[in-house]
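Asks: Have a look at the structure that comes next, please.
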Amino acid sequence: MRISSLALLALAFAGCVNVQQHRARHQIDAFDAYGADKQTRLLAGTIAQGDEPEAVYIALGPPEARFPTPKGDEGWIYVGTAGEETAETVTFESRASNGWGGDREELVVVLTDGHVTSWELRPLGPVGIGVTGETERQRERGELVDWRGPRLRHDPYASSAR
């Protein structure tokens with residue numbers, strides 16, 4: 001059973017809308033095209049390998065930053081709190097969803113040809129310093145591995161020369 005746009009609108013008017021449901025309304029054509037399992041996963045804030053940019057937006061919201069990779073892919077950076085991570089999926093509550101609180105992590109999502117191909121979770125530590133300043137200082141001290149580094153999960157370039 002799929003979650004229809006009518007049901008999504010009914011939830012909105014009932015006052016039961018989380019941020020993912022709100023974003024799904026803004027991407028309703030893409031959301032309606034997904035099967036029920038994918039819709040449920042996205043509404044829980046979980047992305048998977050192969051997801052399209054619209055699906056990532058529904059699950060995680062707009063990225064803190066976007067950047068081109070040296071291989072011509074696109075990287076999206078999120079700051080928030082990670083949930084469960086498996087070989088194929090990661091659940092993440094972005095700052096856009098949860099505000100600030102507790103330890104934070106940075107999620108770097110790499111999209112190749114319009115689909116998620118890899119991601120990396122990096123610890124940022126407790127709240128206290130702004131995202132950009134803290135991240136830059138950690139990079140300068142060598143505490144963060146470059147996004148192409150060996151910690152990158154699901155790295156499509158692992159076997160190719162850098």
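Asks: Against the definition (out of contact with any strand residue (DSSP E or B) (no Cβ under 8 Å at 6 or more places or on another chain), modelled with pLDDT of 90 or more, under 16 Å from Val116 (Cβ atoms) and of a type in the set (A, V, I, L, M, F, W, C)), how does Ala24 come out, yes or no?
Replies: Details: out of contact with any strand residue (DSSP E or B) (no Cβ under 8 Å at 6 or more places or on another chain): yes; modelled with pLDDT of 90 or more: yes; under 16 Å from Val116 (Cβ atoms): no; of a type in the set (A, V, I, L, M, F, W, C): yes.
Here the answer is no, as Ala24 does not meet what is asked.
Asks: So Gly50 passes all but one of these: (1) in contact with a Gly (Cβ under 9 Å, 6 or more places away or on another chain); (2) in a loop (DSSP other than H, G, I, E, B); (3) modelled with pLDDT of 95 or more. Which condition number does it fail?
Replies: Gly50 satisfies every listed condition except (1).
Asks: For the range 78-88, does any single residue satisfy the condition of being surrounded by fewer than 17 Cβ atoms within 10 Å (Cβ to Cβ), of a type in the set (Ser, Thr, Tyr), in a loop (DSSP other than H, G, I, E, B) and modelled with pLDDT under 90? It would help to see each step written out before you state the result.
Replies: Here is the first cut: in the range 78-88, the ones surrounded by fewer than 17 Cβ atoms within 10 Å (Cβ to Cβ) are 83-88.
Then keep just the ones that are of a type in the set (Ser, Thr, Tyr); that gives 86.
With the extra rule that they be in a loop (DSSP other than H, G, I, E, B), the set shrinks to 86.
When the remaining residues are screened for being modelled with pLDDT under 90, the result is none.
No, that holds for no residue.
Asks: Is one or more of the residues making up the range 91-101 among the hydrophobic types (A, V, I, L, M, F, W, C) and at pLDDT below 90?
Replies: Residues of the range 91-101 that are among the hydrophobic types (A, V, I, L, M, F, W, C), as a first pass: 92, 96, 100.
Then keep just the ones that are at pLDDT below 90; that gives 96, 100.
So far as the range 91-101 goes, yes, one or more of its residues are among the hydrophobic types (A, V, I, L, M, F, W, C) and at pLDDT below 90.
The values are calculated or read from the model by the stated rules, or taken from the named source; none is laboratory data. For clarity, every value in this text was computed on a predicted model and none was experimentally measured. Methodologically, a virtual Cβ is constructed for each residue, glycine included, from the backbone with ideal geometry; neighbour enumeration extends over all protein chains shown.
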